[in-house]
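Heads up, the thing below is written out as structure tokens.
What follows draws every value from the coordinates through simple rules; no lab data is involved. Please read all numbers here as calculations on a predicted model, not as lab measurements. Counting neighbours? That spans all protein chains shown, and the Cβs are built from the backbone with ideal geometry, glycine included.
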Amino acid sequence: MINAILVFNNHGKPRLVRFYRHLAEEAQQQILRDTFHMVLRRDEHVCNFLECGSLFGSPDCKLIYRHYATLYFVFCVDSSESELGILDLIQVFVETLDKCFENVCELDLIFHMDK
């Protein structure tokens, strides 16, 4: 199950946030901070899968992410999801945004969220 979809810029500012579980605002903010710091500390040459412990309250939580230009696309999932399937989903998501915005950038997500 996908628990959350998070899109950050290089400085940790959330640009697109969608939680699929009801969490308190404080818990969401803590998850955003922890997720960004976990992903940012990773080297570019390591895999895009990251065990995140009990970030969402379940011990089998994983972060699957991709870094495109100035944006990090992060999916928080449990063990029932395929890591490669989620990576493919991120790729399709970015390609769709590229078609919608003609080469998507951070400003498109800020100023044209209605699209």
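A few points about this structure:
- For the chain: relative contact order, % (alpha-carbon pairs under 8 angstrom, 6 or more apart): 27 percent
- The distance between label points at Met1 and Phe111 comes to 3.9 nm (points 7 Å beyond Cα on the Cα→Cβ vector).
- Axis angle, to the nearest 10 degrees, between helix 83-101 and the longest C-alpha principal axis of the chain: 20 degrees.
- Peptide ranges 71-78, 29-36 listed from the most packed, as the mean C-beta count within 10 angstrom indicates: 71-78, 29-36
- For the chain, the longest principal axis of the alpha carbon atoms and the long axis of helix 25-40 meet at an angle near 80°.
- Gain on full stretching of the segment that runs from Arg42 to Leu84 - 0.36 nm per residue minus C-alpha separation: 13.3 nm
- Simple spin-label estimate for Ser54 and Asn10 gives 3.7 nm between the two label positions (7 Å along the Cα-to-Cβ direction from each Cα).
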